[in-house]
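*Asks:* Sharing a structure below in structure tokens format, with a few things to ask.
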Amino acid sequence: MKFDSVTRTIAATVVVAASFGLAACSTPEPAEERDPNAVRVAFYGDSYTLGTGASDTDNRWSTVVSEQRDWSEFNPSVNGLGFINNRTTFGDGDLPSQIIADDPDIVFVTMGLNDNFSFGARASDIQAQITDDFDRLTTALPDARFIVVEPFWYTDERPDSVDTIISWVEAAAAASGADYIPGASHWIEGHPEWMASDGLHPNDDGYAEMATQMDQALRTLGL
């Protein structure tokens with residue numbers, strides 16, 4: 001695909017992602033009742049962690065790996081959200097504040113995909129906000145274990161911004177002492193049959209593959 005085709009694809013996705021984000025903000029998913037005896041795990045993510053495109057939230061990768069480990073899952077992820085993209089609140093009321101208030105034992109950070117759609121105009125803001133979010137979360141939750149996942153990607157074609165944002169996220173993870181899972185931007189690459197009918201999100205088979213890959217990565221980390 002030529003660069004102009006990639007640009008058109010991204011532009012179309014911005015519109016879809018933004019509308020999904022607004023819908024998600026207006027009708028948040030109810031939080032699962034907390035099991036006081038289970039490890040509490042929070043997920044800071046976008047539609048690929050929320051499970052958009054799956055036939056049921058039970059099929060999203062976050063729920064699959066949580067159930068495999070008897071974790072209590074807190075997943076307030078938002079469609080279209082980035083560190084900057086589709087984000088109007090920074091501080092009280094934003095997704096990091098919800099995760100901090102939940103006081104989890106483990107925090108997954110799976111952000112960055114949607115920031116590719118704002119990269120041209122706001123690259124410096126994205127880089128700064130990645131650092132700000134990591135600093136804020138790790139300072140507020142000093143006893144939590146942080147697992148940072150390489151930002152997901154959804155097409156075989158990769159604008160240069162994808163690898164740039166990945167490098168920023170990886171650097172911030174290292175600076176904060178978080179565990180880092182590489183390679184996630186390639187997990188569903190080359191498999192159009194793993195995509196939902198919208199062409200933007202994984203279907204049940206795609207999420208099953210993501211869950212398999214995540215399970216293997218977590219086992220490597222001793223989880």
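Bear in mind that the values in this text are calculations on the coordinates, not laboratory data. These numbers were taken from a predicted model, which means no experiment stands behind them. Note: ideal-geometry Cβ built from the backbone for every residue, glycine included; neighbour counts use all protein chains shown.
*Asks:* Could you estimate the translational diffusion coefficient of region 3-220 from the Stokes-Einstein equation, with Rh from the Kirkwood formula over C-alpha pairs, at 10 °C and 1.306 mPa s, in whole µm²/s?
*Replies:* Numbers: Rh = 17.2 Å.
In µm²/s, the coefficient is 92.
*Asks:* Kirkwood hydrodynamic radius, region 114-170, all distinct C-alpha pairs: what's the number in Å?
*Replies:* Hydrodynamic radius (Kirkwood, Cα pairs) of region 114-170 is 12.5 Å.
*Asks:* Relative contact order for the chain using alpha-carbon pairs under 8 Å, separation at least 6, rounded to a whole percent?
*Replies:* 23
*Asks:* Calculate one ³J(HN,Hα) per residue across region 118-131 by plugging θ = phi - 60° into the Karplus curve 6.51 cos²θ - 1.76 cosθ + 1.60, and present them in order as whole Hz with x for glycine and proline.
*Replies:* Values, residue by residue: 10, 4, x, 9, 9, 4, 5, 5, 4, 4, 5, 6, 4, 5 Hz.
*Asks:* Under a 5 Å amide H to amide H cut-off, with H placed in plane at 1.01 Å, what residues pair with ARG40 once short-range neighbours are removed?
*Replies:* Those lying under 5 Å, H to H, from ARG40 are SER72, ASP105, ILE106.
*Asks:* Hey, rough spin-label estimate for THR139 and HIS191, points 7 angstrom out along Cα→Cβ, what's it come to in nanometres?
*Replies:* 4.0
*Asks:* Using amide H atoms built 1.01 Å from N in the peptide plane, name the residues 5+ places from VAL148, or on other chains, whose amide H lies under 5 Å from its own.
*Replies:* Those lying under 5 Å, H to H, from VAL148 are VAL109, ASP179, TYR180, ILE181.
*Asks:* Give me the percent of DSSP beta bridges within the chain that run antiparallel, rounded to the nearest 5.
*Replies:* Working: 1 of 15 bridges.
Around 5 percent antiparallel, to the nearest 5.
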